[in-house]
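The values are calculated or read from the model by the stated rules, or taken from the named source; none is laboratory data. Remember, it's a predicted structure, so these values are computed and weren't measured experimentally. Ideal geometry is used to build each Cβ from the backbone, glycine not excepted, and the neighbour counts take in all protein chains shown.
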Amino acid sequence: MKKPPRMAAGTDAVVRVLSVSPIEEDHLALNRIFKRSDWSGYTESKWVLHPTLTLESAVASLRASRYPLVLSERDLLPGTWREMLEETVSLPDPPVVIVTSRMADDYLWAEALNLGAYDVLAKPFDASEVIRGLSLAWHHWRERQSIDSSPCGQTLAATGT
């Protein structure tokens, strides 16, 4: 599988990822991937996972801190990934949302992408897929930031174009 282009050194010292899942094993598995996996082929930044168990706690975290990436379990109990996605849209600097599910079928993938999620990751998590997916999502978020902060991006946003 082809790796995304390597990010420039020093562009972001820490990449903060908010993980939203009522399933404790999700957070444990992601922590193992974050701690043991080699991210050096993708980025020189440090990746830090911030686990939350509920939609409510995730929304509070998003309002208090900036996260470029959100991993959201499909079923948040109460709530769903759709509600998580809706909460991010109104943020001044919205994160990229990736849906996670044991039932990551074509229907979920199509629905998630059509509603604005960036990707869907199947569980149990595969370290290389998590690293690849998060790295690409982070690259996408950074590209969006550079476009939004450019004079051309500001002009397009102001005109609604």
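List the pairs whose first member sits in segment 66-92 and is under 20 Å from residue 114 (Cα atoms) and basic (Lys, Arg), whose second member is at pLDDT below 95 and surrounded by fewer than 15 Cβ atoms within 10 Å (Cβ to Cβ), and whose Cβ atoms are under 9 Å apart, counting only residues at least 6 apart or on separate chains?
Matching pairs, first to second residue: 74/103.
Restricting attention to segment 126-141, and to residues there that are crowded, with 18+ Cβ neighbours inside 10 Å and within 16 Å of residue 28 (Cα to Cα), which single residue is modelled with the highest pLDDT?
Among those that are crowded, with 18+ Cβ neighbours inside 10 Å and within 16 Å of residue 28 (Cα to Cα), it is 130.
Six or more apart or on different chains, Cβ atoms under 6 Å: show the pairs whose first residue is in segment 17-35 and of a type in the set (S, T, N, Q) and whose second is surrounded by fewer than 20 Cβ atoms within 10 Å (Cβ to Cβ) and not in a helix (DSSP H, G or I).
That search, which allows pairs on different chains as well, returns 19/49; 19/51; 31/49.
Mind checking which residues of segment 68-87 are surrounded by fewer than 21 Cβ atoms within 10 Å (Cβ to Cβ) and in a loop (DSSP other than H, G, I, E, B)?
74, 77, 78, 79
Just for segment 40-51: of the residues that are under 14 Å from residue 133 (Cα atoms) and either among the hydroxyl-bearing types (Ser, Thr, Tyr) or at pLDDT below 70 (or both), which one is surrounded by the fewest Cβ atoms within 10 Å (Cβ to Cβ)?
41
Quick one: would you say residue 55 is closer than 21 Å to residue 130 by Cα and modelled with pLDDT of 95 or more?
no
Suppose we filter segment 93-103 for residues that are without any contact (Cβ under 8 Å) to a residue 60 or more places away in the chain and in a strand (DSSP E or B); how many remain?
The total comes to 5.
When you look at residue 71, is it more than 16 Å from residue 19 (Cβ to Cβ), touching a Ser or Thr at 6+ places or on another chain (Cβ under 7 Å) and at pLDDT 95 or above, yes or no?
For residue 71, the condition - more than 16 Å from residue 19 (Cβ to Cβ), touching a Ser or Thr at 6+ places or on another chain (Cβ under 7 Å) and at pLDDT 95 or above - is not met.
Based on this model, can you work out whether residue 110 counts as surrounded by fewer than 21 Cβ atoms within 10 Å (Cβ to Cβ), within 24 Å of residue 143 (Cβ to Cβ) and either over 15 Å from the mean Cα position of the chain (by Cα) or at pLDDT 95 or above (or both)?
So residue 110 fits the description; yes.
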